[in-house]
Amino acid sequence: LLFIPFALASHYLDWSPVAIFIFNFLTMIPLAALLGDFTEEVAAHTNQTIGGLINASFGNAVEVVVAIEALLAGEYRVVQASMIGSIFSNLLLVLGCCFLFGGFYHKEQEYSLLVSTANMGLLGLSCIALILPTPFAQYYDVNEEEALMISRIVALCLIFMYAQLLYFQLKTHADFMGQEDDEKATLPFGIAMFALVVITTVIAFLSNFLVGSIDGFCEDSGISKTFTGLIILPIVGNAVEHMTAVSVAMKNKMDLAMGVAVGSATQISLFVTPLVVIVGWIANKPMTLNFPPFEVILFIISVIVVSIILSYPKSNWLEGSMLVTTYFLIAVGFWFEKVVDYS
């Protein structure tokens, strides 16, 4: 939080785009952690169902805010890269670290096969959602207007599927889900709610500076927009959450760790990504699910790799190492990407 004055000064005193990006980036990480803490405080004042819904809604609030800011600024490539980058980050890096570091302390760790199967099935569904506007549209020579309509229909279907997932997790199969122990609220509801609104507003304010500096940052640093979106931006919303997941995995609470890692990946693919498409529809911005084919292929292969690993409900350190290595290979590939405009 000490970086907030520097984040503001860098924008209003016209510092270099690299300085603006770095200071706002560093400020957003602790703000994301505080947002998570106050979300849990608000949820603790409600019953289990409403609390779960609040946690689900605000769980990826930072990603939503940054993505919408980038969308309204017309940075469609950054939006797409940050969405799929968050999925890669949770599905490969976080889950891999959970298995790897948990495996150092425990020879094998068990987790719920029901939860992992449901999440991986839904990620498989989102693979189809990305294939329709991309390879499908190219093969059948579908024009941009039709690809946009396909994306919007797919987005509505994915959000409907996400609503069913919430009902499944919070209502019909709540007793099968790995739940955290009930925690008592430490702050009054009014204070927690006020803090939640204030921090969300500050994040929205600073994310505007962050997004506005991306073009200059990429130009001055030589880092592509794809790498910035895929690898760097997901750190903003996920860094503290990642550490939490690894910490609970080391304590052998694998269902909780899986909920953070695989659950967040599912939430981004079924809720955050289609939500951005629908916001673009409302704001008259042509945001589609027409991702570059290379990214779609990597996404599908990643889902297949993780599905194979999760098919046996026990984990070990070798599986974690495989997932982390997969993420590293993807990062290397995008670091050396030749930047081309994609529409």
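The values are calculated or read from the model by the stated rules, or taken from the named source; none is laboratory data. Quantities reported herein were computed from a predicted structural model and do not represent experimental measurements. Here Cβ is always computed from backbone atoms with ideal geometry, including for glycine, and neighbour counts include all displayed protein chains. For the accessible areas, the whole protein counts, side chains as well, though only heavy atoms, and no ligand, DNA or RNA atoms are used. Shrake-Rupley method; radii C 1.70, N 1.55, O 1.52, S 1.80 Å.
A few notes on this one:
- Tyr111 - accessible surface, heavy atoms, 1.4 Å probe, Å² rounded to 10: 20 Å²
- The range 245-340: C-alpha gyration tensor shape, a/c 1.5 cut-off, then a/b vs b/c: oblate
- Rounded to the nearest 20 debye, dipole of the chain from Cβ charges on Lys, Arg, Asp, Glu: 340 debye
- Where chymotrypsin sites (Phe, Trp or Tyr not before Pro) fall in DSSP loop in the range 243-342, at most 10 other Cβ within 10 Å: Phe336
- Longest exposed-site-free window of the chain, the sites being GluC sites (Glu not before Pro) in a DSSP loop that have at most 13 other C-beta atoms within 10 Å: 184-343
- With the simple spin-label model, which puts each label point 7 Å out from Cα in the Cβ direction, the Ser16 to Leu2 separation comes to 2.3 nm.
- Distance violations [Cα-Cα > 22 Å] among Lys251/Lys314; Lys171/Lys314; Lys253/Lys314; Lys107/Lys251: Lys171/Lys314
- Residue among Gln164, Gln109, Gln267 with the largest mean-square fluctuation in a Gaussian network model of the chain, springs linking Cα atoms under 10 Å: Gln164
- Whole-number D in µm²/s for the chain (Stokes-Einstein; Kirkwood sum over Cα pairs; 4 °C, 1.567 mPa s): 63 µm²/s
- Span-rule helices in the chain, defined as complete DSSP H runs reaching 20 Å or more along the axis (Cα) with Kyte mean at least -0.5: 17-44, 113-131, 144-167, 189-212, 233-250, 293-310, 317-335
- Based on C-alpha pairs under 8 angstrom that are at least 6 apart in sequence, the chain has a relative contact order of 40 percent.
- The relative contact order of the range 211-332 comes to 14 percent, based on Cα pairs under 8 Å that sit 6 or more residues apart.
- The stretch between Met243 and Asn284 holds 11.0 nm of extra length on full extension. This uses 0.36 nm per residue minus the Cα-Cα distance.
- Solvent-accessible ranking of Met254, Met243, largest area first, probe 1.4 Å: Met243, Met254
- Once the chain from Leu113 to Met193 is taken as fully extended at 0.36 nm per residue, the excess over their C-alpha distance is 25.3 nm.
- Largest to smallest in accessible area, the residues Thr244, Thr288, Thr326 fall in the order Thr244, Thr326, Thr288 (1.4 Å probe, all protein chains included).
- Heavy atoms of Met149 accessible to a 1.4 Å probe, total area in Å² rounded to 10: 90 Å²
- Pair Ala174, Val305: separation of 7 Å Cα→Cβ label points (nm): 3.7 nm
- The range 170-321: C-alpha gyration tensor shape, a/c 1.5 cut-off, then a/b vs b/c: oblate
- Anisotropy class of the range 78-138 from Cα gyration tensor, a/c 1.5 cut: oblate
- Charge dipole (the chain, unit charges on Cβ, about Cα centre) - positive-most of Gly103, Val18, Ile84: Gly103
- With all protein chains modelled, accessible area of Arg77 [1.4 Å, Å²]: 40 Å²
- Surface accessible to a 1.4 Å probe, per residue, for the residues of the chain, Å²: 47 Å²
- Here the calculated FRET efficiency for Trp335 and Ile128, from their Cβ-Cβ distance with R0 = 22 Å, stands at 0.15, rounded to the nearest 0.05.
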